1. Could you tell me whether the range 321-331 includes any residue that is in a helix (DSSP H, G or I) and open to solvent by less than 60 Å² (accessible area, probe 1.4 Å)?
2. Would the range 100-111 turn up any residue that is small (G, A, S) and loosely packed, with under 13 Cβ neighbours inside 10 Å?
3. For the range 361-377, check the following and say yes or no: at least one residue is within 25 Å of P471 (Cβ to Cβ), away from ligand 1 (no atom under 11 Å from the Cβ), open to solvent by 30 Å² or more (accessible area, probe 1.4 Å) and basic (K, R).
4. Kindly provide the set of residues from the range 387-404 that are modelled with pLDDT of 95 or more, more than 14 Å from ligand 2 (Cβ to nearest atom), out of contact with any Pro (no Cβ under 8 Å at 6 or more places or on another chain) and within 18 Å of R466 (Cα to Cα), ordered by number.
5. Could you tell me which numbered condition I416 fails, if it satisfies all but one of (1) within 16 Å of ligand 2 (Cβ to nearest atom); (2) β-branched (V, I, T); (3) closer than 16 Å to L480 by Cα?
6. Pull out all pairs, ordered by first then second residue, where Cβ-Cβ is under 9 Å, the residues are six or more apart or on different chains, the first lies in the range 438-455 and is more than 16 Å from V310 (Cα to Cα) and at pLDDT below 50, and the second is open to solvent by 10 Å² or more (accessible area, probe 1.4 Å) and not in a loop (DSSP other than H, G, I, E, B).
7. Report yes if some residue within the range 298-319 is at pLDDT below 95, open to solvent by 60 Å² or more (accessible area, probe 1.4 Å), under 45 Å from the mean Cα position of the chain (by Cα) and away from ligand 2 (no atom under 16 Å from the Cβ); otherwise report no.
8. Can you say whether Q344 is in contact with a Phe, Trp or Tyr (Cβ under 6 Å, 6 or more places away or on another chain) and surrounded by fewer than 17 Cβ atoms within 10 Å (Cβ to Cβ), as far as the supplied structure shows?
Amino acid sequence: MSERTLARLSRWPLRRQLVAGIVMLLVVATAVIGVVTVAVQRHTVLDRVDDQLETVLEAQRSAVEDEAQEIPRMRARSVVVIEADGVEEVAELTDESGVVSPLSDAERHQLLDGAGREPYAETVQLSDHGSYRVTSAALGGGGQVVVGQSLSEVDQTIRDMTLSFTVVGLLGVTLAALGGRWIIRLGLRPLERLARTASQVSQTPLAEGTVSMPSRVQDQDTSPGTEVGQVGAALNRMLDHVEDAIGRRQSSEDQLRRFIADAGHELRTPLAAISAHAQLMERRRTEMPEELGHSSQRIRSESQRMGLLVEDLLLLARLDSGVPLAEEPVELARILVDVSADAQLTAPGHQWHIDLPEGAADLTVRGDAARLHQVVSNLVNNAKDHTPEGTSVILRLRADRADAVEVTVEDDGPGIPEELQPRIFDRFVRGDGARSRGDAEAGQGNTGLGMAICAAIVHAHRGTIRCESRPGRTRFVIRLPAAPHSAGPAASARG
Ligand SMILES: Nc1ncnc2c1ncn2[C@@H]1O[C@H](COP(=O)(O)OP(=O)(O)O)[C@@H](O)[C@H]1O
Ligand SMILES: [Mg+2]
């Protein structure tokens, strides 16, 4: 079998492979048994014919040699040839009904040449009369006698036997194949149940959250006495381990989150105190040397930055822990207008545009207005902080089909560094420019958590956020599921 055929066969389901294997073996075994049986049977029958021939030959010879004796009558379907000095030559065939007819010269010669010498017999094919078993003996006074017996009956018997063997064999193989299929199907059923359990497990998301394995292999498929049972028991043990490991992972994650939340809370108070004292010092800046004044200003700005960082961390920890957000109708157009108005005030050097569709007021989503406001404002702050003055920024709102709303923030600034793009929504990912600008007033809120917070909030609203950026065009697209009642107007506003 070629390698390709083998590879194709191995892709068959196990059940079909087993049935095909069984059928193939049965066919080979039946064929071997049949061929051997028929050959042995033919040999036995020929032996019997040869024994009879021997007797007939003996009778003919003694009749020829002893002239007083009458030549015995031949049996049906036999031939006799006698060639001896002083005796009339005989070359006759007796057919199945006892009618005697002379043999042709050619047939006589065939018999004389082909006959086995006593005690052996040979099979000779007579052109018009089929095959004969033929033996001969030399006569005392010279010459020889040849007798033969037709094999037509033997051949018929062997043909019948072969036919019945083939029919019975095919029937047997068919029955065995059907029975085998049934038994194999029965035997493989536990394996199929195992496969079902395994595929259920494979569809369970294990990466995050509290995970409970959906199912275990049933008790009937875990008995250690069977191979499938051993696999089933091993699978259950493995599932226990995995569940245990995931549980521990989850609890350590929870612990870490609680720790961050607690640390954040604890840091708030001292940070506020530092900030307040720094402000106090700054108010009396004129009274101190310039160097100290600068330091106090740095203390104030850095403590404010740290305060923002702590707030961002706290917010992320809260979003991670899956605390449910508010579920109120949120008018996105209002958020865009507010954020854009704020931006116009805080960054008048940029060109701010807003693009709302007709009936924008009807484009609502269900969620937490304050958090969604934060998403848009983080994006707008980035467009402000990471682009030079004169950059034009456009905020766009669109209904996307009937069931989603899309918010886009696009700028024509220098773009996000390419190596940053795949990780842009990860925590503490920020460009070198943003890092070094950490102390400038413009970069005040740049903690490297802005995009991570956007992604977490959008995901908590069952939405998606994506980023496309190249020099001259940076685009953030947020898709949120539309609130049910906003679907109609949203669709019509579009058309
Ligand atoms: N509109 C933009 N244009 C250029 N770079 C951007 C833009 N938005 C984000 N970035 C890059 O992505 C980084 C990550 O953004 P973000 O998570 O908000 O952190 P950061 O606190 O630095 O703003 C930024 O530091 C900046 O390098
Ligand atoms: Mg930012």
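1. Going residue by residue through the range 321-331, those that are in a helix (DSSP H, G or I) are none.
Scanning the range 321-331, I find no residue that is in a helix (DSSP H, G or I) and open to solvent by less than 60 Å² (accessible area, probe 1.4 Å), so the answer is no.
2. At the first step, the residues of the range 100-111 found to be small (G, A, S) are 101, 104, 106.
Right, trim to loosely packed, with under 13 Cβ neighbours inside 10 Å and you get 101, 106.
Taking every residue of the range 100-111 in turn, at least one turns out to be small (G, A, S) and loosely packed, with under 13 Cβ neighbours inside 10 Å.
3. No, there is no match, as no residue in the range 361-377 is within 25 Å of P471 (Cβ to Cβ), away from ligand 1 (no atom under 11 Å from the Cβ), open to solvent by 30 Å² or more (accessible area, probe 1.4 Å) and basic (K, R).
4. I394, L395, R396
5. Of everything listed in (1) within 16 Å of ligand 2 (Cβ to nearest atom); (2) β-branched (V, I, T); (3) closer than 16 Å to L480 by Cα, I416 misses just condition (3).
6. Once the first residue is more than 16 Å from V310 (Cα to Cα) and at pLDDT below 50 and sits in the range 438-455, its partners that are open to solvent by 10 Å² or more (accessible area, probe 1.4 Å) and not in a loop (DSSP other than H, G, I, E, B) give D439/R298; D439/E302; D439/R305; A442/K384; A442/D385.
7. yes
8. On the way: in contact with a Phe, Trp or Tyr (Cβ under 6 Å, 6 or more places away or on another chain): yes; surrounded by fewer than 17 Cβ atoms within 10 Å (Cβ to Cβ): yes.
So Q344 passes the test.
The values are calculated or read from the model by the stated rules, or taken from the named source; none is laboratory data. Predicted, not measured: the structure shown is a model, and the values here were computed from it. When we count neighbours, we look across all protein chains shown, and the Cβ atoms used for this are built from the backbone with ideal geometry, even at glycine. Areas reflect the complete protein model, heavy atoms only, side chains present, ligands, DNA and RNA absent. Shrake-Rupley method; radii C 1.70, N 1.55, O 1.52, S 1.80 Å.
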